[in-house]
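I have placed the structure first, in the form of structure tokens, so that the comments after it can refer back to it.
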Amino acid sequence: MDIAKRKKELVKEFAPNIIHFGALSKFWIGLLLALILTGIAAFIIQVVKGHEVTGMRDNVVWGIYIINFIFFVCLSYSGAFISGILHFLKTPLKNSVMRIVEIITVLSLIIGPIFILLCIGRLDRLHYLFIYPRIQSPITWDIIAILTDLVGCFIYLYMTFIPDFAILRDNGQDQPIWRQKLYRFLAMNYQDTPEQRQRLNKLIRTMSVMIIVLAIVAYSVLAWIFSLTLQPGWNSTIFAPYFIVAGLYSGVGVIIIAMFLVRKYRKLDHYIRKIHFNVAGLVLLIISLLYGYFTFSEYFSRWFSHKVHDINLLNTLFSRYFWEFIFANYIGVLVPFFIIFFKRFRTIKLITFSSVVAILGLWMNRYLIVVPTLETPYIPIQDTRAEFINYSATWIEWALSLGGIATFVLFFMLIVKLVPVVPMSGIIDNERENNNHKSANKIR
Amino acid sequence: MKLLLKKHLVFLLVLSGLLITSSIKGQEEADMSQYRVRFGFTVTKQPDNSRVFKAEFYASNRKNRRERTPIYEAEIQFLNILEDQEIALGTAKTNKEGIAEVTLPGNYKYLKDAEGFMNFRAYFVGTDALDEESEDLRIRDLQFQLDLVEVDSVQTITVSAYTKDSLGIDIPVSDAYVVLSVEGMLSRMVIEEDLVDAGELQVEFPKGLPGDKDGNITVFALIEDDDTFGNVVAKQTIDWGTPQAQRIPVENMLWSEVAPFWMYVVLTILLVGVWANYAYTIVNLLKIKKDGKKMAMESDD
């Protein structure tokens with residue numbers, strides 16, 4: 001196999017996807033920028049007027065910002081977890097989804113923490129968290145975990161990009177000068193020699209183990225922010241594993257949706273095939289069972305113990321939040337399960353649809369973990385205004401949430417304009433391995 | 001391409017429609033017909049003889065009376081009235097709790113009628129959305145005193161209440177209901193409630209109440225919502241409480257300033273392990289870069 005020639009072919013194949021911006025891409029970029037600008041305007045209003053413009057008040061001090069924070073951070077941890085696991089699997093199938101997973105991991109870890117900053121009423125005191133950290137506080141643990149994980153994920157993502165940067169550097173003579181310079185800088189003189197390849201693979205494998213461990217630690221720390229308090233609905237011993245399973249559920253769901261969109265709009269049908277959706281769908285099916293089991297176990301033990309405050313919370317969930325509860329914990333689990341369980345429904349579109357349902361259900365599940373608990377505190381709320389007791393998100397919060405999602409999508413689009421969404425180095429590695437096998441068989 | 005763009009636009013319209021609907025539902029404005037406007041007015045004579053004129057303006061839900069929505073930024077005028085004379089005592093706007101307050105010093109001279117009563121009014125002029133509101137109070141000035149003395153070695157709280165007639169002679173008050181309490185961390189703790197008889201009320205101070213580190217404790221005597229006197233407060237501080245020993249700070253606890261030792265150990269091991277791996281990775285990446293540079297130079301040669 002002539003590797004240099006093959007690299008050239010791959011660059012030629014992926015170049016249109018990287019360099020050209022079609023009308024559709026421009027339309028979406030414009031729309032996403034509009035959403036981001038609306039979010040920035042909402043942020044300025046929030047900074048100037050304070051949290052008064054949000055639905056958060058004395059009792060319900062957390063709203064959809066923290067839910068978005070948990071959603072994105074869990075998405076990142078699950079991406080890191082899945083990516084780490086994929087590196088140890090010896091299947092050529094993994095190559096087509098690896099980069100999608102890695103990009104989702106890093107982007108969500110950048111977007112997620114921004115939402116926690118929006119929860120802070122006095123942003124001018126943010127630096128106090130670093131000047132006066134309290135080692136006993138789960139919030140401090142979370143800050144350390146997120147920062148450490150972010151650095152780790154960046155290094156990991158960069159290392160997986162290096163071989164492709166090198167291919168683009170060596171074969172991108174037709175590209176604009178700035179791109180050539182950028183690839184030269186980012187490729188770090190990588191020449192794809194056996195020694196360099198071996199060293200890089202060893203580093204990536206070590207880092208894979210590291211980020212799996214880090215993801216588990218960071219997931220647990222995030223869950224402990226809630227479960228180490230005595231609040232009804234939060235004080236639970238299974239919250240850490242529950243968060244891990246829930247995070248993986250949303251992670252697999254987002255990966256399936258990203259695969260669907262990339263396949264459709266990048267015309268990569270021959271790289272991202274039905275088998276990828278089937279495998280990812282089956283993983284989603286298994287996780288939906290685990291997630292459903294944890295959810296049932298969590299609520300059943302609360303109901304059975306019949307502690308006054310837990311029962312008050314359950315009453316709130318089954319009255320004011322009845323339909324939300326049904327959607328989060330029944331539809332969000334059972335619809336994906338039944339779609340993927342029956343082979344005849346296992347089409348690409350239906351698997352993607354089940355992922356959308358799973359993600360929306362999971363987001364709602366987080367809403368039900370945060371808001372109803374804060375609305376039913378230990379000390380009864382008396383003689384106060386309705387909006388102090390019951391939370392309702394304002395347009396500012398929705399605008400900032402949509403702005404966050406738009407930033408995530410926009411960055412994803414821009415990163416896949418920098419490197420191919422399917423790693424070219426992975427394709428070459430697979431082909432090289434196949435050739436080695438064939439040669440070995442011939443010799444035999 | 002056009003068809004694709006149209007499809008995207010339809011999708012966006014549906015999505016924004018859903019979002020706007022949910023947002024409107026969440027921020028639905030309250031239907032005013034479900035609310036009843038309430039306007040309350042109290043006058044409180046403070047321990048330093050100053051008077052606090054307080055109006056409370058809010059709307060209460062007809063179905064759920066616990067639900068109160070304050071009316072804020074409403075301008076309330078406080079007046080002292082005697083027949084045709086209306087003396088403006090002050091004006092205040094209601095705050096976000098729906099409360100407007102004006103405080104006048106103890107030496108302020110109020111207009112009194114022939115029976116020695118002072119007539120006060122809180123008045124809201126009204127707006128397009130809200131009707132005019134007013135509330136009157138007719139109260140007498142009460143000389144209310146709290147004494148804390150030991151009577152035959154018994155720590156005794158003595159409350160005296162009297163009014164003055166036009167000649168300045170003290171007239172003892174009877175049947176005014178007094179609540180005695182001590183100041184606590186979160187609120188006042190009631191220790192006795194009784195009627196004043198012939199201008200006096202004597203109560204034994206309970207033993208064992210916690211004071212500050214020197215045993216100081218603040219005692220309050222309060223007449224509240226009295227038809228004749230309104231609200232009157234008197235207070236005294238005395239060292240009759242049990243001194244609270246200073247707490248010795250604990251160390252290496254979850255709630256102490258310094259965390260448990262094992263936390264530092266675990267955190268250090270975790271962080272050093274992870275960051276050392278990052279450093280190792282970066283060093284190796286730089287080696288890859290160096291090797292690549294060397295190779296590139298060799299191939300150039």
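Residues of A:184-191, mean number of Cβ from any other protein chain within 10 Å of their own Cβ, rounded to a whole number?
Shielding by partners across A:184-191 averages 4.
If you average the alpha carbon positions of region B:109-150 and of region A:389-436, how far apart do those two centres end up, in angstrom?
67 Å
Once Rh for region B:71-211 is found with the Kirkwood sum over Cα pairs, what is the Stokes-Einstein diffusion coefficient at 4 °C and 1.567 mPa s, in µm²/s? Numbers along the way, then the final one.
Numbers: Rh = 18.5 Å.
Once the numbers are plugged in, D ends up at 70 µm²/s.
Take every DSSP beta bridge with both residues inside the protein assembly as shown and express the antiparallel ones as a percent of the total, to the nearest 5.
Antiparallel: roughly 95 percent of the beta bridges in the protein assembly as shown.
In debye, nearest 20, what is the charge dipole magnitude of region A:229-375 about its Cα centre with +1 on Lys and Arg Cβ and -1 on Asp and Glu Cβ, if you could check?
880 debye
Relative contact order for chain B: what percent, with Cα pairs under 8 Å and sequence separation of 6 or more?
This gives 11 percent for chain B.
Measuring from centroid to centroid over Cα atoms, what is the spacing of region B:185-207 and region A:65-82 in Å?
58 Å
Mind checking region B:51-129 for trypsin sites (Lys or Arg not before Pro) that DSSP puts in a loop (not H, G, I, E or B) and that have at most 11 other Cβ atoms within 10 Å?
Qualifying residues, ordered by number: B:ARG62, B:LYS63, B:ARG65, B:LYS96, B:LYS109.
Given a Förster distance of 30 angstrom, what is the FRET efficiency for A:VAL61 paired with B:MET185, based on the Cβ-Cβ distance and rounded to 0.05?
The value I calculate is 0.85.
Within the set B:LYS112/B:LYS235; A:LYS26/A:LYS90; A:LYS26/A:LYS202, which residue pairs have Cα atoms separated by over 28 Å?
Over 28 Å apart, Cα to Cα: A:LYS26/A:LYS90; A:LYS26/A:LYS202.
I'd like the distance separating the alpha-carbon centroids of region A:186-252 and region A:108-149, in whole Å.
A separation of 18 Å, based on Cα centres.
Give a quick list of trypsin sites (Lys or Arg not before Pro) in region A:102-180 that DSSP marks as loop, anything other than H, G, I, E or B, with at most 15 other Cβ atoms within 10 Å.
A:ARG122, A:ARG134
Say the dipole of region B:143-238 comes from +1 at the beta carbon of Lys and Arg and -1 at that of Asp and Glu; which of B:ILE238, B:LEU180, B:LEU222 then lies farthest toward its positive end?
B:ILE238
In nm, give the distance between the simple-model label positions of A:LYS5 and B:GLN202, each being 7 Å from the Cα along the Cα-to-Cβ direction.
11.8 nm
Taking each residue in B:254-264, count the Cβ atoms of any other chain within 10 Å of its Cβ, then average. What number comes out? Write down the numbers at each step before the final one.
On the way: counts 4, 1, 1, 2, 2, 6, 2, 0, 0, 3, 1.
Across the residues of B:254-264, the mean count of other-chain Cβ atoms within 10 Å is 2.
Would you work out which of B:VAL272, B:SER256, B:LEU286 lies farthest towards the positive end of the dipole of chain B, given +1 charges on the beta-carbon of Lys and Arg and -1 on that of Asp and Glu, about the Cα centre?
After comparing all options, I get B:LEU286.
When only C-alpha pairs under 8 Å and at least 6 residues apart count, what is the relative contact order of chain A, in percent?
It comes to 32 percent, rounded to a whole number.
In straight Cα distance, which lysines are under 16 Å from B:LYS293, not counting same-chain residues fewer than 8 positions off?
Candidates past the 8-residue exclusion: A:LYS181.
Could you tell me the calculated FRET efficiency between A:ASN201 and A:VAL356, based on Cβ-Cβ distance and R0 = 30 angstrom, to the nearest 0.05?
Given R0 = 30 Å and the Cβ-Cβ separation, E is 0.25.
At what distance in nm do the modelled label points of B:GLU193 and B:ARG247 sit from each other, each positioned 7 Å from its Cα along Cα→Cβ?
Each label point lies 7 Å from its Cα, and together they span 3.2 nm.
Taking the Cα centre as origin and putting +1 on Lys and Arg beta-carbons and -1 on Asp and Glu beta-carbons, what dipole magnitude results for the protein assembly as shown, to the nearest 20 debye?
Dipole magnitude for the protein assembly as shown comes out near 7940 debye.
Checking the table B:LYS93/B:LYS213; A:LYS438/B:LYS290; B:LYS54/B:LYS109; A:LYS438/B:LYS289 against a 30 Å threshold on Cα-Cα, which pairs fail?
Cα-Cα > 30 Å for B:LYS93/B:LYS213; A:LYS438/B:LYS290; A:LYS438/B:LYS289; rest within.
So, in region A:229-375, how many Lys pairs have Cα atoms under 18 Å apart, if the pair is 8 or more places apart or on different chains?
Lysine pairs meeting the criterion: 5.
Hey, if you put +1 on the Cβ of every Lys and Arg and -1 on every Asp and Glu Cβ in region A:221-318, which of A:TYR299, A:ALA246, A:ILE256 ends up farthest toward the positive end of that dipole?
Farthest along the dipole direction, towards plus: A:ILE256.
Need one number: nm distance between label points at B:THR268 and A:ALA15, each 7 Å from Cα along Cα→Cβ, rounded to one decimal.
5.7 nm
Report the charge-dipole magnitude of region B:72-215 in Debye, nearest 20, computed about the Cα centre from +1 at each Lys and Arg Cβ and -1 at each Asp and Glu Cβ.
Result for region B:72-215 is approximately 400 debye, rounded to the nearest 20.
Just in region A:9-86: which chymotrypsin sites (Phe, Trp or Tyr not before Pro) are loop by DSSP and have at most 15 other Cβ atoms within 10 Å?
Loop-located and lightly packed - A:PHE21.
Hey, with R₀ at 35 Å, roughly what FRET efficiency would A:TYR378 and A:PHE338 work out to, going by the Cβ-Cβ distance, to 0.05?
The computed FRET efficiency comes out at 0.35.
Throughout, read-outs are computed from the coordinates displayed, never taken from laboratory work. Note that the structure is a prediction, hence the values are computed from the model and not measured. When we count neighbours, we look across all protein chains shown, and the Cβ atoms used for this are built from the backbone with ideal geometry, even at glycine.
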